[in-house]
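In what follows, a structure is listed as structure tokens, so that the remarks can point back to it.
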Amino acid sequence: MRGLGLASCRASSSSLNNLSQVQESFNQLKSSGESASKPKADRNHVSNVEASLRGNTPYSLDPQLRRANSASITSGPISANTCSKSIDHRYFSRILSRNDCFLLLNHDRSAKSIILNPQFVISILQNQENPLHSLKFYIWVSKIDPSFAKNQSVKAVLANCLYRKGPVLLSVELLKDIRNSGYRVNEDMLCVLIGSWGRLGLVKYCDEIFGQISFLGICPSTRLYNAVIDALIKSNSLDLAYLKFQQMSADNCKPDRFTYNILIHGVCRIGVMDEALRLVKQMEGLGFPPNVFTYTILIDGFLNAKRVDEAFRVLETMKARKLSPNEATIRAFIHGVFCCVAPIKAFELAIRFIEGEPVFRRLACDTLLCCLSNNNMAREAGALLGKLGKRGYLPQFNI
């Protein structure tokens, strides 16, 4: 896809203004949706528990909006107050499979058939079998309301869809459809795509697309570099990630704390802790002091490298800098000691750690009990419960 063929993409004003054609297509979709849904009307009535297990938010359905096809989105506004079963995901799939999907979605919105909110958007994204449909809907909703493009929950759901059901590639045909409909690939969308390619191991494709982002009308930025470096590290391409890191200055992009944390995580994964410490010093020299995420990564790296003493020193450094560990720090340390030393020794180290972190004692004890259970250490678990029970500690029921 050299050059991506973007130069030939032009929006067709005639298709955008042909409202009668849009109405005809819309009516066809509606009629086909009604005929397809009638035989299965009873199966659409699911309980709130079933809806929540599928990732849908339970809604209440206005009785005035109930028709023969209660799942059709044309029966009334869909918002956070309406029932998830009123969202006909097959209807949206049919719309998003068409070349004029953006026109049809705009028509529904102009007719006030749908009301956008994060719950509605997430439900549509999650329930599309074709990940390309999820991407198209994200493009459309981001243009309608740019806040959805920044919504972390929406982006996380889209990223999981692209990873589990992907990959979705930026083909010439897809780019033409997007451009001809008056939309464009923006930085938010590209970061999500790059993340999915990294998780799927598409190293060469990720590198190739990043080298051609100018054809998408996007300029290199620190955020894009961070996305690419993270994707390459997730694909076990640390050398290429370092190469991108060195290229940042050529594009007038300065690394930030996120850049260094990503690289530190990459070297810690393979146990090169000396390089991790060098990156920490370099980061501090540029005015980016390590944060709790940096130290958590270091603790996990030292424990993976079976260097327990250094992990404790990192904890002491955090205390000296008045940085409190978070939940990830607690879990990383306790699980880490059980992975790198004998279980009895790990139990002793964990107790030592718990005594030094009274604020997170409950979480630490829950994690420790989980590790004791995994290592068949019933006697130690009983002794721990007996000791801590005198202090009013009760474990979580799911341990």
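Some notes on this structure:
- Segment 316-332, residues that are in a helix (DSSP H, G or I), more than 15 Å from Val280 (Cβ to Cβ) and within 29 Å of the chain's Cα centre (by Cα): Glu327, Ala328, Thr329, Ile330, Arg331, Ala332
- Residue in segment 258-269 that is under 22 Å from Leu224 (Cβ atoms), in contact with an Asp or Glu (Cβ under 7 Å, 6 or more places away or on another chain), part of a loop (DSSP other than H, G, I, E, B) and in contact (Cβ under 8 Å) with a residue 24 or more places away in the chain present: no
- Condition broken by Leu116, with the remaining ones in (1) of a type in the set (A, V, I, L, M); (2) assigned to a loop (DSSP other than H, G, I, E, B); (3) within 15 Å of Ile194 (Cβ to Cβ) satisfied: (3)
- Condition met for Ala276 (modelled with pLDDT under 95, touching a helix residue (DSSP H, G or I) at 6+ places or on another chain (Cβ under 8 Å), part of a helix (DSSP H, G or I) and buried (at least 18 other Cβ atoms within 10 Å of the Cβ)): no
- Considering only residues in segment 150-169 that are in contact (Cβ under 8 Å) with a residue 24 or more places away in the chain and among the hydrophobic types (A, V, I, L, M, F, W, C), the one that is surrounded by the most Cβ atoms within 10 Å (Cβ to Cβ) turns out to be Leu158.
- Residue within segment 341-351 that is at pLDDT below 85 and at negative phi present: yes
Residues are listed down the side, and each one gets a yes or a no for (1) among the hydrophobic types (A, V, I, L, M, F, W, C); (2) in contact with a helix residue (DSSP H, G or I) (Cβ under 6 Å, 6 or more places away or on another chain); (3) in contact (Cβ under 8 Å) with a residue 40 or more places away in the chain:
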| site | (1), (2), (3) |
| --- | --- |
| Pro325 | no, no, no |
| Val337 | yes, yes, no |
| Val341 | yes, no, no |
| Ala364 | yes, yes, no |
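- Given (1) of a type in the set (Asp, Glu); (2) out of contact with any helix residue (DSSP H, G or I) (no Cβ under 9 Å at 6 or more places or on another chain); (3) touching a residue at least 24 places away in the same chain (Cβ under 8 Å), index of the condition Asp177 fails: (2)
- Residue within segment 300-308 that is within 26 Å of the chain's Cα centre (by Cα), under 22 Å from Asn226 (Cβ atoms) and not hydroxyl-bearing (Ser, Thr, Tyr) present: yes
- The selection criterion, being assigned to a loop (DSSP other than H, G, I, E, B) and surrounded by 15 or more Cβ atoms within 10 Å (Cβ to Cβ), does not hold for Phe293.
The values are calculated or read from the model by the stated rules, or taken from the named source; none is laboratory data. Predicted model, so just to flag it, every value in this text is computed and none were measured. Reconstructed Cβ throughout: ideal geometry from the backbone, glycine too, with neighbour counts over all protein chains shown.
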